[in-house]
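What follows is a single structure, written as structure tokens, with notes after it.
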């Protein structure tokens with residue numbers, strides 16, 4: 001546990017050792033705020049629903065940007081050899097890195113609470129909906145992170161890690177979309193709808209918190225972290 | 001301290017390490033010597049639990065490298081080739097990170113880091129980012145990192161590659177210093193390094209051990225003959241015959257005409273020191289003049305080349 005913590009601390013601090021974290025947070029909040037308020041005044045409704053609608057699409061590009069470096073750089077610079085010959089298990093290393101990226105995502109999301117404050121000042125939004133929206137964002141963000149982290153371990157090129165992460169997350173995200181479901185045979189549609197990352201997000205972010213959706217996201221996270229441990233082990 | 005039994009590792013179709021066995025006892029400084037791609041790094045990576053052997057076993061500090069890999073890693077300090085480091089950290093937070101992962105209690109941490117900074121001569125770069133440091137300092141940070149938990153065993157993969165000559169001497173000095181109470185394995189393809197730092201040498205070639213022993217033992221293993229060069233000016237024609245009559249001389253060869261009528265001969269013998277004296281005596285008896293007489297023993301370099309090229313031609 002203390003070893004996971006040490007790796008977590010190093011990874012989390014390294015986001016802030018370079019200007020990347022600050023640029024990232026600024027662009028993320030700027031973009032999210034602009035996209036949100038652009039429609040907000042048109043609709044004239046004190047609700048954050050459109051914000052949570054935009055969020056997965058922002059995450060699609062921002063989450064791979066958070067995770068692309070985590071393993072790819074270790075492999076490229078050769079520090080992987082250093083890290084994995086320290087007395088840490090593969091699982092501890094994967095968990096440390098995941099938690100660091102997750103905390104960084106939480107920080108970005110926490111800063112976006114400014115939007116909630118503004119909306120509350122202008123009107124009377126439904127707190128349950130905002131809570132559900134954030135819960136959904138945290139869950140889908142964690143799932144994206146686990147996928148991105150795993151894919152980063154497959155290459156030593158950060159750009160490749162970024163691109164395959166965006167593509168993979170995009171495919172898994174739209175899998176349960178009505179548009180996709182219409183195009184596939186009827187018997188497979190329920191499977192797609194269950195596996196799709198997006199379908200579960202819609203209900204949670206509407207404020208409908210179903211334990212099945214939560215379990216679904218936790219399983220996705222667990223599954224990709226497991227694959228990550230296996231891919232780290234495979235070097236041996 | 002380290003015991004390796006028929007370790008084998010293959011990558012696809014290439015056999016990187018083939019059935020290697022050796023022992024390293026406490027306090028020894030063992031040098032892995034071999035051409036690039038001989039299997040030195042792979043062997044080290046298995047001993048440090050970065051790779052798992054396909055077959056064979058090894059124990060490090062009494063722990064099995066597969067079953068007890070975390071324990072092994074606690075006893076070992078490992079410096080991979082080219083000293084990869086987290087470039088975005090400053091020197092102290094980097095050492096803190098390693099200390100944290102190694103589970104060094106926070107009460108001892110500051111003291112240990114200070115000692116590492118002193119031992120490895122890092123005083124002038126303490127607050128700097130690792131990425132800004134010169135190669136020599138990076139190597140020192142790498143060594144500090146391997147030493148922070150005061151390991152009994154050090155494994156260093158080519159610790160002096162890429163350094164300039166004065167840095168090489170400094171790092172060698174440092175390794176000698178820190179190797180006094182520790183068991184060290186270091187790999188290199190620089191031969192003087194082995195002679196300067198190692199008490200025992202293991203020559204690895206194509207995944208197998210080609211020879212092992214102290215540098216002196218290797219000398220006799222290779223069946224080394226000394227070369228004696230002598231430049232003689234003489235009136236009579238029988239110089240080569242007279243030289244070859246000296247007992248112990250196995251071959252005499254004329255290797256060149258020098259200015260002023262001197263002729264240089266090369267004599268081969270297992271007992272170069274005595275033969276040198278005999279040559280001088282023969283010169284006095286026959287009234288030759290000598291303006292050059294020197295002996296070259298077989299260097300580790302010759303032994304190395306002999307051993308690593310022999311197998312290929314066979």
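The values are calculated or read from the model by the stated rules, or taken from the named source; none is laboratory data. Just so you know, these numbers come straight off a predicted model, no measurement behind them. Every residue, glycine among them, receives a Cβ derived from its backbone with ideal geometry; neighbour counts consider all protein chains shown.
Just one of (1) crowded, with 17+ Cβ neighbours inside 10 Å; (2) in contact (Cβ under 8 Å) with a residue 24 or more places away in the chain; (3) touching a strand residue (DSSP E or B) at 6+ places or on another chain (Cβ under 9 Å) fails for residue B:252. It is (2). Considered as a group, the residues in the stretch B:83-94 that are at negative phi and within 28 Å of the chain's Cα centre (by Cα) include one that is surrounded by the fewest Cβ atoms within 10 Å (Cβ to Cβ), and that residue is B:84. Just to be sure before I move on: is residue B:100 surrounded by fewer than 22 Cβ atoms within 10 Å (Cβ to Cβ), facing another protein chain (nearest Cβ under 8 Å) and modelled with pLDDT under 95 in the structure I sent? In short, yes.
Restricting attention to the stretch B:26-56, the residues being closer than 11 Å to residue B:9 by Cα and in contact with a strand residue (DSSP E or B) (Cβ under 7 Å, 6 or more places away or on another chain) number 9.
Note on the stretch A:10-46: residues that are touching a helix residue (DSSP H, G or I) at 6+ places or on another chain (Cβ under 7 Å) and within 14 Å of another protein chain (Cβ to nearest Cβ) total 5. Within the stretch A:81-98, identify whether any single residue is surrounded by fewer than 20 Cβ atoms within 10 Å (Cβ to Cβ), part of a helix (DSSP H, G or I) and free of Cβ contacts under 8 Å to residues at least 12 places away in the same chain, and answer yes or no. No, the conditions are met nowhere in the stretch A:81-98. Number of residues in the stretch B:126-150 that are in contact (Cβ under 8 Å) with a residue 24 or more places away in the chain, surrounded by 15 or more Cβ atoms within 10 Å (Cβ to Cβ) and under 15 Å from residue B:171 (Cβ atoms): the value is 12. For the stretch A:107-124, the tally of residues that are within 17 Å of residue A:45 (Cβ to Cβ) and surrounded by 17 or more Cβ atoms within 10 Å (Cβ to Cβ) stands at 3. Is one or more of the residues making up the stretch B:61-79 in contact with a helix residue (DSSP H, G or I) (Cβ under 7 Å, 6 or more places away or on another chain), at pLDDT below 90 and surrounded by 19 or more Cβ atoms within 10 Å (Cβ to Cβ)? Within the stretch B:61-79, not a single residue is in contact with a helix residue (DSSP H, G or I) (Cβ under 7 Å, 6 or more places away or on another chain), at pLDDT below 90 and surrounded by 19 or more Cβ atoms within 10 Å (Cβ to Cβ). Residue selection: residue B:99 fails the criterion of being under 23 Å from residue B:203 (Cβ atoms), free of Cβ contacts under 8 Å to residues at least 60 places away in the same chain and in contact with a helix residue (DSSP H, G or I) (Cβ under 8 Å, 6 or more places away or on another chain). Here residue B:183 passes the criteria (1) in the same structural domain as residue B:266 (by TED's automatic domain parsing); (2) out of contact with any helix residue (DSSP H, G or I) (no Cβ under 8 Å at 6 or more places or on another chain) except the one numbered (1).
Condition (residue is away from chain A (no Cβ under 13 Å) and not in a loop (DSSP other than H, G, I, E, B)) applied to the stretch B:65-82: is it met by at least one residue? Scanning the stretch B:65-82, I find no residue that is away from chain A (no Cβ under 13 Å) and not in a loop (DSSP other than H, G, I, E, B), so the answer is no. Restricting attention to the stretch B:117-142, the residues being outside any loop (DSSP other than H, G, I, E, B) and more than 25 Å from the chain's Cα centre (by Cα) number 9. Cβ separations smaller than 6 Å between residues 6+ apart or across chains give the following pairs from the stretch B:194-215 residues that are on the phi > 0 side of the Ramachandran plot to residues that are in a loop (DSSP other than H, G, I, E, B) and at pLDDT 85 or above: B:207/B:39. Quick check on residue B:209: is it in a strand (DSSP E or B), in the same structural domain as residue B:179 (by TED's automatic domain parsing), farther than 21 Å from residue B:296 by Cβ and at pLDDT 80 or above? Yes; evaluated as a whole, the condition is true for this residue. The single condition from (1) in contact with a helix residue (DSSP H, G or I) (Cβ under 9 Å, 6 or more places away or on another chain); (2) within 14 Å of chain A (Cβ to nearest Cβ) that residue B:38 fails is (2). For the stretch A:218-236, a residue qualifies if it is within 11 Å of another protein chain (Cβ to nearest Cβ), without any contact (Cβ under 8 Å) to a residue 60 or more places away in the chain and either surrounded by 15 or more Cβ atoms within 10 Å (Cβ to Cβ) or more than 11 Å from residue A:90 (Cβ to Cβ) (or both), and exactly one does: A:236.
When you check residue B:108 against the structure, is it part of a helix (DSSP H, G or I) and at the interface with chain A (Cβ under 10 Å from one of its Cβ atoms), yes or no? No.
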